[in-house]
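Here the structure comes first, spelled out in structure tokens, and everything after it is commentary.
The values are calculated or read from the model by the stated rules, or taken from the named source; none is laboratory data. Everything numeric in this text was worked out from a predicted model, so none of it was measured. Note that each Cβ is placed from the backbone with ideal geometry, even for glycine, and that neighbours are counted across all protein chains shown. What goes into the accessible areas is simple: the full protein's heavy atoms, side chains included, and nothing from ligands, DNA or RNA. Shrake-Rupley method; radii C 1.70, N 1.55, O 1.52, S 1.80 Å.
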Amino acid sequence: MSPELTLFASPAAIHTIGTPWLWGGTIAVVLALLVLDFAITRRPHEVSMREAIGWTVFYIALPIAFGIFLWTGHGSTTGMEFFTGYLLEKSLSVDNLFVFMLLLSAFAVPAALAQRVLLYGIAGALVLRGIFIALGAAALATLDWAFLLFGLILLVTAVKLLADAAGGHEQEVDVSSMKSVKLMRRFMPVTDDYQGTRMTVRQAGRRALTPLALVVAAVMATDLVFAVDSVPAVYGVTGDPFLVFATNAFALLGLRALYFVLHAALSRLVHLAYGLAAILAFIGVKLVLHWAHGIWSGVPQIPTATSLVFIVVVLATVTFTSLRATRGEQRHAGEEPTVVP
């Protein structure tokens, strides 16, 4: 049997290596890791740097091993697409961490509950991105201009990121204005204090939400926004829905531990927005060129290897320039980002 299977029988059929066994096995591993994470965070505790580094190493080694498996079993092209997509999603996920950091600070989440909130955010992101991946695959299989649409979405996002970075706009979180928070408070009362890992408690004879429920809802609302950009971006690297899912899943699974490793360094990545804008613009151009190539064969396309090199160079450059620009600043442990009260 050919390693590539047709997913949709249409003029714009999408080819995927995702056999039922490969899909089932990958989803089973992802669910098992989520269950394990929920079991680990069942008893709230502050995460030590040693613990965070250990889990981060594990969640980096896992996709590397999976990528090698794909490379040896399905060829270098598949392996290259997976590693490029994974690196792209991992770099975009760092932007998620900025927002998570702001939300945890804005809601005054106790340190012992931080990893529980992050885990709910990761689980929600996996579900939302699974939905967007399926919708994206259906669009690519039936709409000839879907690549153009995805490309334009990324170009608009890149321009917005660049404009915000150039204008010096800091990311802020105004809890009182968040629609998810307003909606929940409209239907149920909210307790003043956190009640451990519980999201609802009985108070004065009626069910009430805890602040933990509000912050989880806020995190999942931001997941929806990030999915709109993230899924089209990885479809610019590979058209295989299985690889799109796998890169998203492996990039998200390690965020809980990575947050605690990078927490002190996140505030120093002052040029990250410029790098993400460049990467999204590059992938957007790649998608537009791919769409144009389907109409005019003379239009060039950007190889996956070129995309990988570009992403690595941009991330290395903005990391170096960010650390250099902030090397003279005195940063104290536990310094919190600016938020709107």
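Odds and ends about this structure:
- Among (1) under 18 Å from PRO110 (Cβ atoms); (2) open to solvent by 40 Å² or more (accessible area, probe 1.4 Å) - the single one ALA52 does not satisfy: (2)
- The set of residues in the range 192-220 that are open to solvent by 10 Å² or more (accessible area, probe 1.4 Å) and polar (S, T, N, Q) comprises GLN195, THR197, THR200, GLN203.
- In the range 141-152, the qualifying residues are those that are open to solvent by less than 50 Å² (accessible area, probe 1.4 Å) and hydrophobic (A, V, I, L, M, F, W, C), and the one that is farthest from PHE282 (Cα to Cα) is ALA141.
- Filtered residues of the range 278-308 (kept if among the small types (Gly, Ala, Ser) and touching a Lys or Arg at 6+ places or on another chain (Cβ under 8 Å)): SER307
- Some residue of the range 81-91 being at pLDDT 80 or above, open to solvent by 20 Å² or more (accessible area, probe 1.4 Å) and more than 30 Å from ALA218 (Cα to Cα): yes
- Matching residues in the range 309-333 - criterion: being modelled with pLDDT under 80 and surrounded by 17 or more Cβ atoms within 10 Å (Cβ to Cβ): none
- Candidates PHE107, PHE100: the one that is touching a Leu at 6+ places or on another chain (Cβ under 9 Å) and under 22 Å from LEU280 (Cβ atoms) is PHE100.
- Within the range 1-39, tally of residues that are at pLDDT below 80, surrounded by 11 or more Cβ atoms within 10 Å (Cβ to Cβ) and among the hydrophobic types (A, V, I, L, M, F, W, C): 6
- Within the range 110-119, considering residues that are closer than 16 Å to ALA218 by Cβ and surrounded by 21 or more Cβ atoms within 10 Å (Cβ to Cβ), the one nearest to the chain's Cα centre (by Cα): LEU118
- Any hit, the range 92-104, residues being modelled with pLDDT of 85 or more, of a type outside the set (S, T, N, Q), part of a helix (DSSP H, G or I) and open to solvent by less than 20 Å² (accessible area, probe 1.4 Å): no
- Every residue from the range 261-287 that is open to solvent by 40 Å² or more (accessible area, probe 1.4 Å), at pLDDT 85 or above and of a type in the set (Val, Ile, Thr): VAL285
- Every listed requirement among (1) of a type in the set (S, T, N, Q); (2) buried (at least 19 other Cβ atoms within 10 Å of the Cβ); (3) out of contact with any Leu (no Cβ under 7 Å at 6 or more places or on another chain); (4) assigned to a helix (DSSP H, G or I) is met by THR306 save one, (2).
- In the set (1) part of a loop (DSSP other than H, G, I, E, B); (2) open to solvent by less than 30 Å² (accessible area, probe 1.4 Å), the condition left unmet by ALA249 is number (1).
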